[in-house]
Amino acid sequence: MKLSTKHLLGIKDLTREDIQLILSTAGQFKEVLQRPVKKVPSLRDVTIVNLFYENSTRTRMSFELAERRLSADVLNFAASSSSAAKGETLLDTVNNILSMKVDMVVMRHSASGAPHFLAKHIPAAIVNAGDGINEHPTQALLDAFSMQEKFGSLEGLKVAIIGDIMHSRVALSNMYLLQKMGAEVVVAGPPTLIPKHITEALNVRVEYNLRKALEWCDVANVLRIQLERQNQPLFSSLREYNLAYGISRRVLDQLGKEIVVMHPGPINRGVELDSDVADGPYSIILNQVENGVAVRMAALYLLANREN
């Protein structure tokens, strides 16, 4: 089987079959990662550049490890220490990189749509590692893989996405993916952090009461409060946010049932999640980090081996 697309720009562009193929391929690569020798020669003749115009630790390291596990040649590019800091345009930067015979570009950029712009102008395959407040497709894929691993299927699963929905590319990619795979989605948080008309636009239910959202769901995917993307105060204080929407062990113990807690990282401990939840038995956050490498290996492998 092959992916239906040359690029991985967003979950919105993938079919259900594409998602299933990536998740099943990730399962095979996770088995590889359990072996004493964790490397395969699948992309030995492929050169990949990691083009990060925005700070990242988890995603960049996860992609780089995935690339090296597949035996690809890897170039790392940080905009802050490159000619981009001197005013070079995005297209000039990428064309210069492509002249070095690069096959694939993994890109994170603060501008929504930047990977889509590149995909129209250059021949290399583009993987979106996060663009503005648009999408973060590999995070949604690794979240889905982690949920599927825990529950066996995404069909009928009840997932609450909680927190800063307004500024989250993770939330948007998760909403697209979960609904394509037959899960039910509720978004929860303060009214100022949930876009107006989200129900009509994305067919998700909105819940402003945290307790009701947690009582309904099987999985709580908790998002970071992105203060760096807020150009005006959208709630009174982090303490007030924690009191209304923070998840503590006490809150979970009062539910009378077990739910799974996820977080894309980095966690604001004591704000959206208390440490006894992030590190507790409900949490599969470290499983998400581990699964990220296998999922990104799968995506890179399938894109590199697609017949264009």
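A short reminder: the numbers here are calculations on the coordinates, not readings from a lab. Just so it is clear, the model here is predicted, and its values are computed rather than measured. Quick reminder, even Gly has a Cβ in these numbers, built from the backbone with ideal geometry, and neighbours come from all protein chains shown.
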Positive dipole terminus of the chain, leading residue within P195, S24, S173 (C-beta point charges): S24
Spatially proximal lysines relative to K212 (Cα-Cα < 22 Å; intrachain offsets below 8 disregarded): K158, K196, K257
Pair K38, E215: separation of 7 Å Cα→Cβ label points (nm): 4.3 nm
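Give me the net charge of A183's neighbourhood, meaning all other residues with Cβ under 14 Å from the Cβ of A183; Lys, Arg count +1, Asp, Glu -1.
Working: positive: R16, K150, K158, K180, R205; negative: D143, E155, E184, D218.
Local net charge: +1.
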Computed E for K12/T199 - FRET, C-beta separation, R0 22 angstrom, nearest 0.05: 0.80
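With a cut-off of 8 Å between alpha carbons and a minimum separation of six or more residues, what is the relative contact order of the chain in percent?
This gives 21 percent for the chain.
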Extreme residue, positive dipole direction of the chain, given options P123, V185, V37 (C-beta unit charges): V37
For region 137-288, convex hull volume per residue from C-alpha positions, Å³: 103 Å³
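Taking 0.36 nm per residue of sequence separation and subtracting the Cα-Cα distance, how much length would be gained by fully extending the chain between H121 and L238, in nm to one decimal?
Going from the current span to full extension adds 37.9 nm.
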Choice from L70, L23, L252 showing the highest fluctuation, given a GNM over the chain with Cα pairs closer than 10 Å: L252
Full-stretch length increase - L91, R249 - with 0.36 nm per residue and alpha-carbon distance subtracted: 52.0 nm
Two-site label geometry, E258 and S153: point separation in nm, points 7 Å out along Cα→Cβ: 2.1 nm
Exceeding the 18 Å Cα-Cα cut-off - candidates K2/K39; K12/K180; K30/K150: K2/K39
